[in-house]
Amino acid sequence: MEKRRNTYFISDLHLGARYVADRCAQEKRVVSFLRSIAGDAKALYMLGDVLDYWYEYRYVVPRGYVRFFGELARLADAGVKIYWFIGNHDIWLFDYLRDEIGISIVDPAGGGIESEIDGSVFFLGHGDGVGRQPRAFRCLRYLFRNKFCQRLYAGIHPRWTVGFAMNWSRSSRSSHEGKAERLPDSIRAFASTYTAAHPEVHYIIMGHYHLKVDEVVGKHCRLIVLGDWIDGGSYAVFDGMNLEICKYKG
């Protein structure tokens with residue numbers, strides 16, 4: 001059997017989003033991708049907003065995503081290391097997927113973490129915790145991560161919270177449709193500043209912005225924004241020597 005050698009990076013799947021026309025087909029496409037990498041993947045980094053909404057209560061979890069979770073379990077059982085970075089949509093991941101599947105849940109305090117992969121140093125994060133973010137977004141981010149606020153939220157019946165959260169996500173998506181999208185200058189400024197202070201970093205990889213970006217920053221670092229799986233199906237693969245951004249055609 002060929003030795004597992006590749007590390008994969010994906011983000012912004014937004015599984016379950018109500019603005020996706022065929023949510024079942026979207027999930028099956030993601031599952032097909034996971035099956036396609038099963039033979040050579042040694043690690044999978046999912047950099048946030050994998051689910052459009054998720055909240056784990058102490059004894060129950062939301063319905064759905066059976067095929068997706070099953071395929072993650074198959075990968076984990078085969079020895080693939082899976083890292084799920086919390087985004088701004090799937091904030092409330094606690095211990096269910098960690099304990100049931102063996103996924104490492106990552107919520108870096110500084111917006112990202114450094115990780116060495118095959119001798120190269122990566123800065124990895126969802127992207128919502130770095131650069132200059134709008135004040136309202138920063139306030140919501142703080143509230144959503146506050147433990148006391150989470151306990152208060154858990155006391156509301158899911159029949160109210162789930163519908164509210166999904167409709168909010170849909171209206172937020174609609175408000176941004178048709179607008180010209182570009183990577184904020186603050187993200188490039190962050191990347192330049194970070195690489196200057198951390199010259200050991202070779203790659204900065206994030207999601208969040210639903211854009212596909214591959215730019216050189218500093219002397220030898222690449223800034224990678226992965227794009228999304230709503231329209232694009234883009235991902236990155238690192239074979240230990242080279243990193244390539246690809247599109248899954250399925």
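Annotation: amide H-H contacts under 5 Å for Gly131 (H modelled 1.01 Å from N, sequence separation of 5 or more, or interchain): none. Largest mean-square fluctuation among Val50, Val130, Val61, in a Gaussian network model of the chain whose springs join Cα atoms under 10 Å apart, belongs to Val61.
Under a Gaussian network description of the chain, with springs only between Cα atoms under 10 Å, the residue in Ile230, Ile204, Ile113 that fluctuates furthest is Ile113.
Neighbours of Leu152 by Cβ distance under 15 Å: Lys/Arg scored +1, Asp/Glu scored -1, total +4.
Only alpha carbons enter this Debye calculation for segment 29-72, each as an equal point scatterer, and the log10 of I(q)/I(0) it gives at q = 0.25 Å⁻¹ is -1.05. At a Cα cut-off below 16 Å, give the aspartates and glutamates reachable from Lys147, other chains included and same-chain residues fewer than 8 away excluded. Result set, ordered by chain and number: Glu56, Asp90, Asp95, Asp107.
Once C-alpha pairs closer than 8 Å and six or more residues apart are averaged by separation and normalised to the residue number of the chain, the relative contact order reads 24 percent.
Please figure out what share of the DSSP beta bridges in segment 1-156 is antiparallel and state it in percent, rounded to the nearest 5.
About 25 percent, rounded to the nearest 5.
Among Arg159, Arg188, the order of accessible area from largest down is Arg159, Arg188, computed with a 1.4 Å probe on protein heavy atoms. Accessible area of Lys42 (1.4 Å probe, protein heavy atoms only, ligands and nucleic acids ignored): about 60 Å². Sorting Glu200, Glu181, Glu71 by solvent-accessible area of protein heavy atoms yields Glu181, Glu200, Glu71, largest first, with a 1.4 Å probe.
For the chain, the fraction of 1.4 Å probe accessible surface lying on carbon and sulfur atoms is 53 percent. For the chain, the mean residue ellipticity at 222 nm estimated from helices alone is -10500 deg cm²/dmol, where every DSSP H run of n ≥ 4 contributes -39500 (n - 2.57) and the total is divided by all residues, rounded to the nearest 500.
Between the C-alpha center of segment 39-77 and that of segment 78-150 there is a gap of 14 Å.
Placing Cys246, Cys139 in order of accessible area, with the largest value first and a 1.4 Å probe, yields Cys139, Cys246.
The values are calculated or read from the model by the stated rules, or taken from the named source; none is laboratory data. What you are looking at is a predicted structure, and each value in this text was computed from that prediction instead of being measured. We place every Cβ from the backbone using ideal geometry, glycine too, and count neighbours over all the protein chains shown. Areas reflect the complete protein model, heavy atoms only, side chains present, ligands, DNA and RNA absent. Shrake-Rupley method; radii C 1.70, N 1.55, O 1.52, S 1.80 Å.
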